[in-house]
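I have placed the structure first, in the form of C-alpha coordinates, so that the comments after it can refer back to it.
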Amino acid sequence: MRRILVIGAAGQIGSELVPFLRNKYGNGNVIATGRKTPLPDVIKNSGPVIYLDALEKNRLSEVLYEYEIDTIYHMASILSATGEKIPQTAWDININGLINVLEVGRSYKVDKIIWPSSIAAFGPTTPRENTPNITVLQPTTMYGITKVAGELLAEYYYKKYDLDVRSMRLPGIISSETLPGGGTTDYAVEIFYEAIKNNKYTCFLREDTVLPMMYQPDCLKCMVDLLEADNSKLKRRVYNITGMSFSAGEIAAEIKKHIPDFEIDYKPDFRQEIADSWPKSIDDSLAREEWGWNPTYDLSSMTKDMIEILSKRLIK
Ligand code: AKB
(Lines give C-alpha, C1' and ligand atoms only; values in the text may rest on other atoms or scores of the structure.)
Protein backbone atom coordinates (compact mmCIF):
# COMPACT_ATOMS: atom_id res chain seq x y z
CA MET A 1 0.00 0.00 0.00
CA ARG A 2 1.23 3.50 -0.81
CA ARG A 3 2.02 6.15 1.84
CA ILE A 4 0.89 9.39 0.24
CA LEU A 5 1.59 13.01 1.13
CA VAL A 6 -0.79 15.60 -0.34
CA ILE A 7 0.70 19.10 -0.25
CA GLY A 8 -1.97 21.78 -0.70
CA ALA A 9 -4.91 19.75 0.66
CA ALA A 10 -7.12 22.81 1.29
CA GLY A 11 -7.21 23.85 -2.36
CA GLN A 12 -9.83 23.33 -5.04
CA ILE A 13 -8.40 19.98 -6.16
CA GLY A 14 -6.59 18.95 -2.95
CA SER A 15 -9.74 19.15 -0.81
CA GLU A 16 -11.44 16.48 -2.95
CA LEU A 17 -8.28 14.57 -3.86
CA VAL A 18 -7.59 13.63 -0.22
CA PRO A 19 -10.97 11.86 0.38
CA PHE A 20 -10.67 10.25 -3.08
CA LEU A 21 -7.21 8.88 -2.30
CA ARG A 22 -8.21 7.81 1.24
CA ASN A 23 -11.06 5.85 -0.22
CA LYS A 24 -8.67 4.03 -2.55
CA TYR A 25 -5.49 3.65 -0.48
CA GLY A 26 -6.83 3.70 3.11
CA ASN A 27 -7.51 6.65 5.44
CA GLY A 28 -4.31 6.27 7.45
CA ASN A 29 -2.11 6.16 4.34
CA VAL A 30 -2.97 9.60 3.01
CA ILE A 31 -1.41 12.49 4.95
CA ALA A 32 -3.07 15.82 4.21
CA THR A 33 -1.07 19.01 4.62
CA GLY A 34 -2.03 22.64 4.43
CA ARG A 35 -0.22 25.93 4.88
CA LYS A 36 -2.64 28.69 5.87
CA THR A 37 -6.23 27.84 5.05
CA PRO A 38 -7.88 25.46 7.55
CA LEU A 39 -8.48 22.00 6.12
CA PRO A 40 -12.13 20.92 5.62
CA ASP A 41 -13.70 18.79 8.41
CA VAL A 42 -14.10 15.80 6.10
CA ILE A 43 -10.29 15.74 5.78
CA LYS A 44 -9.54 16.50 9.45
CA ASN A 45 -11.93 13.81 10.67
CA SER A 46 -10.92 11.00 8.35
CA GLY A 47 -7.13 10.69 8.61
CA PRO A 48 -3.74 12.27 9.39
CA VAL A 49 -3.44 16.03 8.95
CA ILE A 50 -0.36 18.21 9.47
CA TYR A 51 0.69 21.81 8.99
CA LEU A 52 3.31 22.05 6.27
CA ASP A 53 4.80 24.79 4.14
CA ALA A 54 6.62 23.34 1.12
CA LEU A 55 9.06 26.27 1.38
CA GLU A 56 10.35 24.81 4.68
CA LYS A 57 12.59 22.12 3.28
CA ASN A 58 13.79 20.69 6.61
CA ARG A 59 10.25 20.26 7.87
CA LEU A 60 9.28 18.64 4.57
CA SER A 61 12.17 16.26 4.98
CA GLU A 62 11.12 15.38 8.57
CA VAL A 63 7.57 14.69 7.43
CA LEU A 64 8.74 12.31 4.68
CA TYR A 65 10.86 10.42 7.20
CA GLU A 66 8.31 10.36 10.05
CA TYR A 67 5.39 9.24 7.88
CA GLU A 68 7.45 6.94 5.61
CA ILE A 69 6.11 8.67 2.52
CA ASP A 70 6.66 7.04 -0.88
CA THR A 71 4.28 9.11 -3.03
CA ILE A 72 3.79 12.89 -3.16
CA TYR A 73 1.02 14.95 -4.74
CA HIS A 74 2.36 18.49 -4.86
CA MET A 75 -0.79 20.55 -5.44
CA ALA A 76 0.17 23.87 -3.79
CA SER A 77 0.37 26.71 -6.29
CA ILE A 78 -0.43 30.38 -6.88
CA LEU A 79 -2.72 30.52 -9.94
CA SER A 80 -2.61 32.75 -13.02
CA ALA A 81 -4.59 35.84 -11.98
CA THR A 82 -3.10 36.14 -8.48
CA GLY A 83 0.31 35.41 -10.00
CA GLU A 84 0.06 38.61 -12.07
CA LYS A 85 -0.53 40.63 -8.87
CA ILE A 86 2.35 39.08 -6.92
CA PRO A 87 4.72 37.60 -9.51
CA GLN A 88 7.74 37.24 -7.19
CA THR A 89 5.68 35.35 -4.61
CA ALA A 90 4.21 33.18 -7.37
CA TRP A 91 7.74 32.26 -8.48
CA ASP A 92 8.79 31.60 -4.90
CA ILE A 93 5.88 29.33 -3.99
CA ASN A 94 5.53 27.59 -7.35
CA ILE A 95 9.20 27.01 -8.13
CA ASN A 96 11.05 26.99 -4.82
CA GLY A 97 8.27 24.84 -3.35
CA LEU A 98 8.59 22.42 -6.27
CA ILE A 99 12.41 22.26 -6.08
CA ASN A 100 12.16 21.42 -2.37
CA VAL A 101 9.72 18.61 -3.10
CA LEU A 102 11.96 17.26 -5.87
CA GLU A 103 15.12 17.48 -3.77
CA VAL A 104 13.59 15.87 -0.70
CA GLY A 105 11.87 13.28 -2.90
CA ARG A 106 15.24 12.45 -4.44
CA SER A 107 16.98 12.12 -1.04
CA TYR A 108 14.29 9.79 0.30
CA LYS A 109 14.04 7.94 -3.00
CA VAL A 110 10.26 8.32 -3.11
CA ASP A 111 8.51 6.12 -5.63
CA LYS A 112 6.50 8.83 -7.41
CA ILE A 113 5.73 12.54 -7.45
CA ILE A 114 2.63 13.93 -9.17
CA TRP A 115 2.81 17.64 -9.89
CA PRO A 116 0.20 19.31 -12.10
CA SER A 117 1.24 21.66 -14.87
CA SER A 118 -1.40 23.72 -16.69
CA ILE A 119 -2.63 24.97 -20.05
CA ALA A 120 -0.97 28.18 -18.80
CA ALA A 121 2.34 26.69 -19.98
CA PHE A 122 1.17 27.69 -23.47
CA GLY A 123 1.19 31.26 -24.72
CA PRO A 124 0.07 33.47 -27.61
CA THR A 125 2.60 31.92 -30.02
CA THR A 126 1.23 28.39 -29.43
CA PRO A 127 -1.34 27.02 -31.94
CA ARG A 128 -4.68 27.67 -30.18
CA GLU A 129 -6.87 24.97 -31.69
CA ASN A 130 -6.24 21.34 -30.77
CA THR A 131 -2.93 22.32 -29.19
CA PRO A 132 -0.47 19.41 -29.43
CA ASN A 133 1.53 17.92 -26.53
CA ILE A 134 4.84 19.02 -28.06
CA THR A 135 4.62 22.62 -29.19
CA VAL A 136 5.81 26.17 -28.53
CA LEU A 137 5.93 27.02 -24.79
CA GLN A 138 6.23 30.80 -24.50
CA PRO A 139 3.75 31.85 -21.79
CA THR A 140 3.25 35.51 -20.94
CA THR A 141 2.15 35.09 -17.30
CA MET A 142 4.36 34.38 -14.29
CA TYR A 143 2.18 31.38 -13.48
CA GLY A 144 2.80 30.02 -16.98
CA ILE A 145 6.53 30.65 -16.68
CA THR A 146 6.61 28.64 -13.43
CA LYS A 147 4.70 25.82 -15.15
CA VAL A 148 7.19 25.65 -18.05
CA ALA A 149 10.14 25.75 -15.63
CA GLY A 150 8.44 23.04 -13.53
CA GLU A 151 7.89 20.83 -16.57
CA LEU A 152 11.58 21.12 -17.47
CA LEU A 153 12.51 20.28 -13.87
CA ALA A 154 10.28 17.20 -13.96
CA GLU A 155 12.10 15.95 -17.09
CA TYR A 156 15.48 16.88 -15.59
CA TYR A 157 15.00 15.06 -12.29
CA TYR A 158 13.71 12.01 -14.12
CA LYS A 159 16.67 11.83 -16.51
CA LYS A 160 19.40 12.85 -14.08
CA TYR A 161 18.24 11.21 -10.84
CA ASP A 162 15.72 8.62 -12.01
CA LEU A 163 13.06 10.35 -9.89
CA ASP A 164 9.65 9.33 -11.25
CA VAL A 165 7.91 12.71 -11.56
CA ARG A 166 4.68 12.77 -13.59
CA SER A 167 2.66 15.77 -14.69
CA MET A 168 -0.54 16.66 -16.52
CA ARG A 169 -1.36 20.04 -18.04
CA LEU A 170 -4.64 20.77 -16.30
CA PRO A 171 -7.28 22.89 -18.02
CA GLY A 172 -9.77 24.89 -15.91
CA ILE A 173 -11.25 22.60 -13.25
CA ILE A 174 -14.97 22.84 -12.43
CA SER A 175 -15.83 21.56 -8.98
CA SER A 176 -18.66 21.75 -6.45
CA GLU A 177 -16.86 21.41 -3.08
CA THR A 178 -14.18 24.10 -2.81
CA LEU A 179 -14.13 27.32 -4.82
CA PRO A 180 -10.99 27.92 -6.85
CA GLY A 181 -9.03 31.05 -6.00
CA GLY A 182 -7.00 33.36 -8.17
CA GLY A 183 -7.37 31.64 -11.55
CA THR A 184 -8.56 32.83 -14.95
CA THR A 185 -10.90 29.86 -15.40
CA ASP A 186 -12.59 30.50 -12.01
CA TYR A 187 -15.58 32.07 -13.76
CA ALA A 188 -16.74 28.60 -14.84
CA VAL A 189 -17.27 27.66 -11.16
CA GLU A 190 -18.51 31.04 -9.85
CA ILE A 191 -21.19 31.13 -12.56
CA PHE A 192 -22.94 28.11 -10.99
CA TYR A 193 -22.97 29.57 -7.46
CA GLU A 194 -24.34 32.90 -8.71
CA ALA A 195 -26.88 31.30 -11.06
CA ILE A 196 -28.28 29.19 -8.21
CA LYS A 197 -28.16 31.86 -5.49
CA ASN A 198 -29.03 35.03 -7.47
CA ASN A 199 -30.08 34.00 -11.00
CA LYS A 200 -27.47 36.44 -12.26
CA TYR A 201 -23.73 36.55 -13.00
CA THR A 202 -21.31 39.17 -14.27
CA CYS A 203 -18.56 37.35 -16.14
CA PHE A 204 -15.01 38.73 -16.13
CA LEU A 205 -14.32 37.23 -19.58
CA ARG A 206 -15.94 38.01 -22.94
CA GLU A 207 -18.88 35.93 -24.12
CA ASP A 208 -16.90 34.36 -27.00
CA THR A 209 -13.90 33.31 -24.87
CA VAL A 210 -13.34 29.59 -25.39
CA LEU A 211 -11.13 27.67 -22.93
CA PRO A 212 -10.41 23.99 -22.22
CA MET A 213 -12.06 22.70 -19.03
CA MET A 214 -12.60 19.52 -17.04
CA TYR A 215 -15.05 18.36 -14.38
CA GLN A 216 -13.57 17.42 -10.99
CA PRO A 217 -14.52 13.68 -11.09
CA ASP A 218 -12.48 13.37 -14.31
CA CYS A 219 -9.64 15.38 -12.76
CA LEU A 220 -9.48 13.05 -9.72
CA LYS A 221 -9.54 9.99 -11.97
CA CYS A 222 -6.70 11.49 -14.00
CA MET A 223 -4.63 12.08 -10.83
CA VAL A 224 -4.80 8.39 -9.92
CA ASP A 225 -4.63 6.98 -13.46
CA LEU A 226 -1.38 8.81 -14.18
CA LEU A 227 0.07 7.73 -10.82
CA GLU A 228 -0.75 4.08 -11.48
CA ALA A 229 0.27 4.10 -15.16
CA ASP A 230 2.93 1.57 -16.16
CA ASN A 231 6.19 3.52 -16.49
CA SER A 232 7.38 1.43 -19.43
CA LYS A 233 4.45 2.85 -21.46
CA LEU A 234 5.19 6.51 -20.66
CA LYS A 235 7.33 8.22 -23.28
CA ARG A 236 7.35 11.61 -21.53
CA ARG A 237 6.82 13.20 -18.11
CA VAL A 238 4.20 15.80 -19.07
CA TYR A 239 0.85 15.17 -20.76
CA ASN A 240 -1.85 17.32 -22.30
CA ILE A 241 -5.28 16.39 -20.95
CA THR A 242 -8.72 17.88 -21.43
CA GLY A 243 -12.38 17.19 -20.78
CA MET A 244 -14.30 19.72 -22.87
CA SER A 245 -14.05 23.20 -24.41
CA PHE A 246 -16.72 25.88 -24.31
CA SER A 247 -17.17 29.64 -24.43
CA ALA A 248 -18.57 31.70 -21.55
CA GLY A 249 -21.70 32.19 -23.67
CA GLU A 250 -22.09 28.45 -24.20
CA ILE A 251 -21.92 27.55 -20.51
CA ALA A 252 -24.42 30.33 -19.75
CA ALA A 253 -26.80 28.90 -22.38
CA GLU A 254 -26.41 25.41 -20.87
CA ILE A 255 -27.19 26.73 -17.37
CA LYS A 256 -30.27 28.52 -18.76
CA LYS A 257 -31.69 25.13 -19.79
CA HIS A 258 -31.93 24.31 -16.07
CA ILE A 259 -32.50 27.82 -14.68
CA PRO A 260 -34.56 29.67 -17.35
CA ASP A 261 -34.46 33.01 -15.45
CA PHE A 262 -30.66 33.06 -15.36
CA GLU A 263 -29.11 36.26 -16.72
CA ILE A 264 -25.49 36.98 -17.56
CA ASP A 265 -23.57 40.07 -18.54
CA TYR A 266 -19.92 40.48 -19.45
CA LYS A 267 -17.38 42.90 -17.99
CA PRO A 268 -13.96 41.67 -19.13
CA ASP A 269 -11.07 42.65 -16.83
CA PHE A 270 -7.31 41.97 -16.81
CA ARG A 271 -7.98 38.22 -16.93
CA GLN A 272 -9.24 38.52 -20.52
CA GLU A 273 -5.69 39.02 -21.77
CA ILE A 274 -4.56 35.90 -19.93
CA ALA A 275 -7.44 33.84 -21.37
CA ASP A 276 -6.67 35.16 -24.87
CA SER A 277 -3.10 33.85 -24.55
CA TRP A 278 -4.25 30.27 -23.81
CA PRO A 279 -5.47 27.50 -26.13
CA LYS A 280 -9.13 27.04 -26.99
CA SER A 281 -8.88 23.28 -27.28
CA ILE A 282 -6.30 20.62 -26.44
CA ASP A 283 -5.08 17.51 -28.23
CA ASP A 284 -4.71 14.91 -25.47
CA SER A 285 -4.18 11.92 -27.77
CA LEU A 286 -0.77 11.01 -26.25
CA ALA A 287 -2.33 10.69 -22.77
CA ARG A 288 -5.05 8.52 -24.29
CA GLU A 289 -2.51 6.33 -26.11
CA GLU A 290 0.14 6.01 -23.40
CA TRP A 291 -1.93 5.63 -20.22
CA GLY A 292 -5.53 5.27 -21.28
CA TRP A 293 -6.81 8.75 -20.40
CA ASN A 294 -10.53 8.89 -21.11
CA PRO A 295 -12.72 11.59 -19.55
CA THR A 296 -16.42 11.00 -18.89
CA TYR A 297 -18.08 14.42 -18.60
CA ASP A 298 -19.05 16.88 -21.32
CA LEU A 299 -20.61 20.34 -20.95
CA SER A 300 -24.15 19.03 -20.66
CA SER A 301 -23.52 16.20 -18.11
CA MET A 302 -21.19 18.39 -16.04
CA THR A 303 -23.73 21.26 -15.91
CA LYS A 304 -26.56 18.94 -14.86
CA ASP A 305 -24.43 17.41 -12.09
CA MET A 306 -23.12 20.77 -10.79
CA ILE A 307 -26.64 22.23 -10.62
CA GLU A 308 -28.00 19.17 -8.82
CA ILE A 309 -25.22 19.13 -6.21
CA LEU A 310 -25.09 22.89 -5.60
CA SER A 311 -28.87 23.34 -5.53
CA LYS A 312 -29.11 20.80 -2.70
CA ARG A 313 -26.41 22.61 -0.77
CA LEU A 314 -27.17 26.25 -1.49
CA ILE A 315 -30.97 26.29 -1.51
CA LYS A 316 -32.19 25.55 2.00
C1 AKB B 1 -5.96 29.22 -13.76
O2 AKB B 1 -6.97 29.69 -14.30
O3 AKB B 1 -4.99 29.90 -13.41
C4 AKB B 1 -5.92 27.73 -13.52
C5 AKB B 1 -5.24 27.01 -14.63
C6 AKB B 1 -5.88 26.91 -15.97
O7 AKB B 1 -4.17 26.49 -14.45
N8 AKB B 1 -7.24 27.22 -13.33
Roughly how many whole Å is it from the C-alpha centroid of region 152-191 to that of region 15-54? 18
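What's the local net charge at Asp298, with K and R +1, D and E -1, over the other residues with C-beta under 13 Å away? Could you put the intermediate results ahead of the total?
Values: positive: Lys304; negative: Asp218, Glu250, Glu254, Asp305.
Counting the neighbours of Asp298, the net charge comes to -3.
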Residue of Asp230, Asp111, Asp53 that the Gaussian network model of the chain assigns the largest fluctuation, springs spanning Cα pairs under 10 Å: Asp230
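Tell me which GluC sites (Glu not before Pro) from region 64-145 have a DSSP coil assignment and no more than 11 other beta carbons within 10 Å of their own. If you can, show how the numbers build up before the last one.
Numbers: sites: Glu66, Glu68, Glu84, Glu103, Glu129; in loops: Glu68, Glu129.
Qualifying residues, ordered by number: Glu68, Glu129.
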Along the charge dipole of the chain, which of Ile134, Tyr239, Tyr25 sits closest to the positive end, that is, farthest toward it, with unit charges on the beta carbon of Lys, Arg, Asp and Glu (+1, +1, -1, -1)? Tyr25
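In region 157-249, which GluC sites (Glu not before Pro) are in a loop and have at most 16 other Cβ atoms within 10 Å, using DSSP for the loop call?
Values: sites: Glu177, Glu190, Glu194, Glu207, Glu228; in loops: Glu177, Glu207.
Sites meeting the loop and neighbour criteria: Glu177, Glu207.
Where both residues lie in the chain, what percent of DSSP beta bridges are antiparallel, nearest 5?
10
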The summed charge of the Ile274 Cβ neighbourhood (under 15 Å; Lys/Arg +1, Asp/Glu -1) stands at +1
Could you please state, rounded to a whole Å, how far the C-alpha centre of region 93-118 is from the C-alpha centre of region 56-78? 8
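Charges only on Cβ, +1 for Lys and Arg, -1 for Asp and Glu: so what's the dipole of the chain about the Cα centre, in debye to the nearest 20?
Details: 37 positive and 42 negative charges, 107 e Å.
The calculated dipole for the chain is roughly 520 debye.
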Could you tell me what percent of the DSSP beta bridges with both partners in region 168-316 are antiparallel, to the nearest 5? 30
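Might you tell me the accessible area per residue for the chain, computed with a 1.4 Å probe and given in Å²? Don't skip to the answer; put the middle values down first.
Numbers: 13290 Å² over 316 residues.
The answer is 42 Å² per residue.
Tell me, what % of the accessible area of the chain is carbon and sulfur with a 1.4 angstrom probe?
Values: 6710 of 13290 Å².
Reported share for carbon and sulfur atoms: 50 percent.
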The alpha-carbon center of region 213-254 and that of region 267-290 are separated, in whole Å, by 12
Hey, what did the chain get for relative contact order, percent, Cα under 8 Å, at least 6 apart? 18
In region 1-106, trypsin sites (Lys or Arg not before Pro) in a DSSP loop with at most 12 other beta-carbon atoms within 10 Å: Lys36
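The values are calculated or read from the model by the stated rules, or taken from the named source; none is laboratory data. As the structure is a computational prediction, the values presented were derived from the model and not from experiment. In this analysis, Cβ positions are derived from the backbone assuming ideal geometry, glycine residues included, and neighbour counts consider all displayed protein chains. The accessibility values were calculated without ligands, DNA or RNA, using every heavy atom of the protein model including side chains. Shrake-Rupley method; radii C 1.70, N 1.55, O 1.52, S 1.80 Å.
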